[in-house]
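Enquirer: Okay, here's the structure, questions in a sec.
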Amino acid sequence: MKLLLILSLVTVAFANNFGYTEISAPINPVFPETDAIDISIINDWTLADAALGLDVLEGPGAFILWASDPINNHMQAYDPENADKLMAISFYAQNSNCFGVVCNNNPDTDTYYTNDWIDDVLYHTEDFGSSWTTVTNPAANNARGMDFDGTDYWATNGTSGGIWRFQPGVGQEHISTPEVTGQPSGLAVFPRGANLGIAITTYTNLMFFYEWNGSTISYIGSTSCIPDCQYSMGLTYATTTDTFFWTYVHNSNDYHLVEFSMEITSLQRSSWGSIKASF
């Protein structure tokens with residue numbers, strides 16, 4: 001009976017943390033020796049609603065940020081220039097614990113996938129949510145943030161670590177990221193010369209950067225996010241602006257959408273707090 005009570009209390013404690021299951025966060029993590037990650041804040045907006053697992057749709061005449069809002073049970077579109085709300089797409093009824101959203105970045109034939117931190121499938125729509133199908137999720141219900149590089153889809157593995165590179169219903173590859181300290185949340189891919197950059201956030205206040213050359217992954221560096229970050233929730237990169245967009249829950253419990261630029265240098269690593277004091 002006592003065990004059941006403890007389990008019930010743990011369940012309640014994490015019920016509103018959107019799939020965050022770690023009992024305690026790492027304290028003063030020690031990063032491996034790396035290049036510096038220099039971050040500059042461009043915009044910081046306070047949002048009225050939950051915003052998880054960001055992705056961006058961009059192309060001729062289109063530049064839209066998508067965020068998962070499991071409280072209102074839909075994908076919410078935002079204007080990246082001012083964070084104004086645009087359209088919304090309702091989730092499939094069973095997809096009531098959605099964290100990650102990802103699109104194929106083709107405004108002419110929009111395809112969207114969403115995951116769920118309870119269900120072990122990906123939900124898929126090609127008609128703005130009028131109908132949904134499901135496909136196997138390689139990370140089961142451990143996937144959180146997702147992104148698409150033009151060929152492959154990518155997802156964090158929220159409890160077992162590492163990331164997944166996959167094509168829905170076709171094949172997948174699990175890639176280890178041992179440097180990541182804490183439970184992963186958001187993920188974004190971005191151009192890195194001729195290769196692919198991969199950024200991973202954790203629910204706590206950490207961000208990790210990698211480079212993928214098509215066959216192997218290399219660790220680039222890490223940084224801490226702002227001190228007032230209670231939970232880090234979503235991350236995406238926009239080629240239109242060459243900037244990242246990030247959502248987090250402030251210690252005040254407000255949701256924030258942040259646009260920032262990132263530069264990798266070989267200088268001593270800097271933290272968010274030493275770069276900007278605007279929060």
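The values are calculated or read from the model by the stated rules, or taken from the named source; none is laboratory data. Everything numeric here is computed off the predicted structure, so don't read it as measured data. Positions of Cβ are generated from backbone atoms using ideal geometry, with glycine treated the same way; all protein chains shown enter the neighbour counts. SASA here: full protein model, heavy atoms, side chains in, ligands and nucleic acids out. Shrake-Rupley method; radii C 1.70, N 1.55, O 1.52, S 1.80 Å.
Enquirer: Consider residue 69 against the criteria (1) closer than 26 Å to residue 132 by Cα; (2) open to solvent by 20 Å² or more (accessible area, probe 1.4 Å): it satisfies all of them except one. Which criterion is unmet?
Expert: (2)
Enquirer: State all residues of region 229-241 that are more than 19 Å from residue 103 (Cβ to Cβ), open to solvent by 10 Å² or more (accessible area, probe 1.4 Å) and either under 14 Å from the mean Cα position of the chain (by Cα) or not hydrophobic (A, V, I, L, M, F, W, C) (or both); if no residue qualifies, say none.
Expert: Scanning region 229-241 gives 230, 231.
Conditions tested, residue by residue: (1) in contact with a Phe, Trp or Tyr (Cβ under 9 Å, 6 or more places away or on another chain); (2) closer than 25 Å to residue 264 by Cα; (3) touching a residue at least 24 places away in the same chain (Cβ under 8 Å); (4) crowded, with 22+ Cβ neighbours inside 10 Å.
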{"position": "146", "(1), (2), (3), (4)": "yes, yes, yes, yes"}
{"position": "149", "(1), (2), (3), (4)": "yes, yes, yes, no"}
{"position": "155", "(1), (2), (3), (4)": "yes, yes, yes, yes"}
{"position": "159", "(1), (2), (3), (4)": "no, no, yes, no"}
{"position": "168", "(1), (2), (3), (4)": "yes, no, yes, no"}
{"position": "190", "(1), (2), (3), (4)": "yes, yes, yes, no"}
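Enquirer: Can you list residue pairs whose Cβ atoms sit under 7 Å apart, with the first residue in region 219-245 being within 12 Å of residue 206 (Cβ to Cβ) and the second being outside any strand (DSSP E or B) and among the basic types (Lys, Arg)? Count only pairs 6 or more apart in sequence or on different chains.
Expert: The qualifying pairs are 221/269; 223/269.
Enquirer: Can I ask one more? When the residues of region 161-173 are filtered to those that are more than 17 Å from the chain's Cα centre (by Cα) and not in a strand (DSSP E or B), which remaining residue is farthest from residue 137 (Cα to Cα)?
Expert: For region 161-173, the residue satisfying everything is 170.
Enquirer: Could you please let me know if residue 42 is open to solvent by 10 Å² or more (accessible area, probe 1.4 Å) and either free of Cβ contacts under 8 Å to residues at least 24 places away in the same chain or part of a loop (DSSP other than H, G, I, E, B) (or both)?
Expert: No: the conditions fail for residue 42.
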